[in-house]
Amino acid sequence: MSIKRLLVIVGPTGSGKTDLSIRLALHYGAPILSTDSRQIYRGMPIGTAQPENYQLQQVEHHFIASHDIKEGLNCGEYTVQALSRLEELFTRHDWVVAVGGSGLYVQALCEGMDDLPQADPTLRAELSRRLENEGLDALVAELRDRDPIYYETVDRKNPARIVRALEVCLQTGRPYSEQRTGQRLQRPFQIIKIGIDLPREELYARIDQRVDRMLSEGLEAEARALYPYRGLNALQTVGYREFFDYFDGLISYEKAVELIKRNSRRYAKRQLTWFRRDAEIRWFRPTDDAAMIEYIDSRVR
């Protein structure tokens, strides 16, 4: 039986992962499996930068607009479904390309998830009450005090992740980050990881240009259509949060656009902080296809 291989492509938002994944998928005759925690949902194509239709027609894609926004697929559920899909894909292909910028989803797919305690309903209700009464900033400040390591990498605008991390800290008396270093699970396929790296100025310029493109493609109208569901975790996402505040009259349109660009740059910085901890990732510029293929082929066993 031939060895099956998962080629994992990671990098910050706006760095060119989608285009690269298609080129490498075509080279290796592989389908693409998304590891993006937002691109899995329908109705969010612009704000989550889902592949365009012509890109979807070039290569077989999985976990793109595959779930209803109200399903609220969490990382554990995603991992179970993605591993099942990989098992099926590997019956037909020797290679699969996994691409996305959601570090936790990538880690769970490649290594498994840590055995964290189940949610305590009473504590969850208390934290939800505090979130409503005190606001997200108060919980973020407490997380900073209890777990400064996780504080540096978490999306601090994502209430679900802040609440879950605090929940684990309070339940166990230990930092959340300390408990996310469990034993790595062995997968029945070889994993090769590459990352996209760009100078900061170039990356930030690309992010600003992408936001401008999203706006011209109708991001505001997409956000308006999603506004009734604004409380869902899937919509605690850069690009939607800022427009929701604009719709509520809290900020101007110009301020919303400014914040989308700023928050996208900050998100990219957090993504890089996460991925740079992984020594298995080899970094390349997004157009260094020849060097990437040479490296990938050298890793094949």
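Quick look at the numbers
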read-out: DSSP-defined beta bridges in the chain - what % are antiparallel, rounded to 5; value: 0
read-out: Calculated from backbone phi, Karplus (6.51, -1.76, 1.60) coupling profile of segment 148-153 in Hz, x at Gly/Pro; value: x, 5, 5, 4, 5, 10
read-out: Relative packing of 24-32, 129-137, which averages over residues the other C-beta atoms within 10 Å, highest first; value: 24-32, 129-137
read-out: Non-local Lys pairs in the chain, i.e. 8 or more apart or on different chains, that have alpha carbons under 30 Å apart; value: 20
read-out: Ratio of the Cα radius of gyration of segment 45-160 to 2.2 N^0.38 Å, where N counts its residues; value: 1.33
read-out: Cα principal axis extents for the chain, largest first, Å; value: 57, 46, 35
read-out: Whole-Hz couplings from phi, Karplus 6.51/-1.76/1.60, listed for segment 157-167; x for Gly and Pro; value: 9, 9, x, 4, 6, 5, 4, 5, 5, 4, 4
read-out: Amide H within-cut-off set for W283, under 5 Å, with H built and near neighbours excluded; value: G195
read-out: Cα centre as origin, Lys/Arg/Asp/Glu Cβ charges: the chain dipole, Debye; value: 400
read-out: Theoretical ellipticity at 222 nm over the chain - DSSP helices of four or more residues, -39500 (n - 2.57) apiece, nearest 500; value: -16000 deg cm²/dmol
read-out: ³J(HN,Hα), Karplus 6.51/-1.76/1.60, whole Hz, each residue of segment 16-24, x for Gly, Pro; value: x, 5, 4, 4, 5, 4, 5, 4, 6
read-out: Which of G218, Q55, V300, positive extreme of dipole for the chain (C-beta unit charges); value: V300
read-out: Under-5 Å amide H pairs with A98, H placed in peptide plane, nonlocal only; value: L7, V8, I9, L33
read-out: Segment 121-179, dipole about Cα centre (Lys/Arg Cβ +1, Asp/Glu Cβ -1), debye to the nearest 20; value: 140
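Rule-based calculations on the coordinates, nothing more; no lab input. Here the structure is a predicted model, which is why all the values come from computation and not from measurement. Here Cβ is always computed from backbone atoms with ideal geometry, including for glycine, and neighbour counts include all displayed protein chains.
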